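Contents: one structure, followed by commentary.
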Amino acid sequence: MPPALTISQLYKKCDSSLFSFSTTEELEPLEEPFGQKNALDAIDFAANIKQDGYNLFAMGASGSGKHSTVMNFLQKKAKSQKTPNDWCYVNNFKDARKPIAIELPSGHAVGFKDDMYELVELLKEILPTVFEGSAYRNEYEAISQKYIEKETQIFKYLQDEARGHDISMNATSKNRVTFAPVINGKVITASEFNAIEGKEKEEIEQKVNEFEKIVKDGLHGVN
């Protein structure tokens, strides 16, 4: 049976006279974690991989200084590297879920951000005055009138085409287009149409549906 250990063998007292300081607050912080050469070599190896798709995973007990060790190492290494370009992400007005990335020379991102802010503030002042001016109103009215005239011409042309196919085409107060069959120069009512039987009714219905589709496709192309 092994001999029992004495109290003096279980406890080793540190001689404080060996140290030239009263507390560790008087000491300069260590540049590297004590006794972690393998860990530092691993970080250095990972930091020198130039290919995409690689990651560094630091494992250890909570509070052991993993994060600070890695960050201190990378900050020192970054000082010896070429300063990378700045990257800015701006809104994509066509698809807000996919912002647009803009690459700028190093140190220009903050200035770009400030310039954009000043531009927006300037536009807030300029645009209202532009839209309130007589030049804008005159141009707007001219374009609106041109569009109305074009729309009227197209609608009149379609009405003439409809008459040639024995169809009445009209616009309602809610800007909806309605179609009705014409027999012997007279627009027939719904009850008169329902009274028609057989093949004649099917032919009228088919003709109206076909012309209605042509008109809707044409108006959709204009809009």
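Could you give the dipole magnitude of region 137-222 about its Cα centre, charging the beta-carbon of Lys and Arg +1 and that of Asp and Glu -1, in debye to the nearest 20? Working shown, then result.
Values: 13 positive and 16 negative charges, 65 e Å.
Dipole of region 137-222, to the nearest 20 debye: 320 debye.
List the residues whose amide H sits under 5 Å from the amide H of His108, counting only those 5 or more places along or on another chain, with H placed 1.01 Å from N in the peptide plane.
Here the answer is Asp86, since their amide H atoms fall under 5 Å of that of His108.
So the label point goes 7 Å from the Cα of Val90 along Cα→C-beta, right? Which residues of region 116-143 then have their backbone N under 19 Å from it?
Once the point is set 7 Å along Cα→Cβ of Val90, 116-127 turn out to lie under 19 Å by backbone N, inside region 116-143.
With only Lys, Arg, Asp and Glu charged, each at its Cβ (+1 for the first two, -1 for the last two), find how big the charge dipole of region 17-58 is about the Cα centre; round to the nearest 20 debye. Write out the running numbers ahead of the final one.
Working: 2 positive and 8 negative charges, 48 e Å.
Computed about the Cα centre, the dipole is about 220 debye.
As a check on your grasp of the helix formula, calculate [θ] at 222 nm for the chain: sum -39500 (n - 2.57) over DSSP H runs of n ≥ 4, divide by the residue count, round to the nearest 500. Kindly include the intermediate steps, with their values, before the conclusion.
Numbers: 7 runs with 115 residues, N = 223.
It comes out at -17000 deg cm²/dmol, rounded to the nearest 500.
If you only keep lysine pairs separated by 8 or more in sequence, or across chains, how many in region 6-112 come under 19 Å at the Cα atoms?
9
Placing +1 on the Cβ of each Lys and Arg and -1 on the Cβ of each Asp and Glu in region 107-223, which of Gln145, Phe211, Val120 has its Cα farthest towards the positive end of the resulting dipole?
Phe211
Just to confirm my numbers, what's the Cα centroid distance between region 184-198 and region 3-45 in Å?
Distance between centres, Cα-based: 105 Å.
Return an integer: the convex hull volume of the alpha-carbon atoms of the chain, in Å³ per residue.
On the way: hull volume 104.4 nm³, N = 223.
Given the Cα convex hull of the chain, per-residue volume reads 468 Å³.
Once you put a point 7 Å from the Cα of Met1 and another 7 Å from the Cα of Lys98, both along the Cβ direction, what distance in nm separates them?
For Met1 paired with Lys98, the spin-label model returns 8.0 nm.
If you plug each phi of region 41-53 into the Karplus form 6.51 cos²θ - 1.76 cosθ + 1.60 with θ = phi - 60°, what whole-Hz ³J(HN,Hα) values come out, in order, with x for Gly and Pro?
Per residue, the Karplus-derived 3J(HN,Hα) values read 4, 5, 5, 4, 4, 5, 5, 8, 7, 8, 8, 6, x Hz.
How high is the relative contact order of region 137-222, given as a whole-number percent (alpha carbon pairs under 8 Å, six or more residues apart)? Mind showing how you got there, number by number?
Values: 47 pairs, mean separation 15.6, N = 86.
With pairs under 8 Å counted, the relative contact order is 18 percent.
Angle between the Cα long axis of helix 66-79 and the longest principal axis of the chain, 0 to 90 degrees, nearest 10?
For 66-79 against the chain, the angle is about 80 degrees.
For region 92-172, what are Rg and Dmax over the alpha carbons, in angstrom?
So, for region 92-172, Rg and Dmax equal 24.2, 73 Å respectively.
With +1 on each Lys and Arg Cβ and -1 on each Asp and Glu Cβ, how big is the dipole of the chain about its Cα centre, in debye rounded to the nearest 20?
Details: 27 positive and 34 negative charges, 119 e Å.
The calculated dipole for the chain is roughly 580 debye.
Work out how much length Met59 to Glu141 would gain on full extension: take 0.36 nm times their residue separation and subtract the Cα-Cα distance, in nm to one decimal. Let's see the in-between values first.
Details: separation 82, 0.36 × 82 = 29.52 nm, distance 7.00 nm.
Going from the current span to full extension adds 22.5 nm.
No lab work stands behind these numbers, since they all come straight from the coordinates. Keep in mind that this is a model prediction, so the values were computed, not measured. Here Cβ is always computed from backbone atoms with ideal geometry, including for glycine, and neighbour counts include all displayed protein chains.
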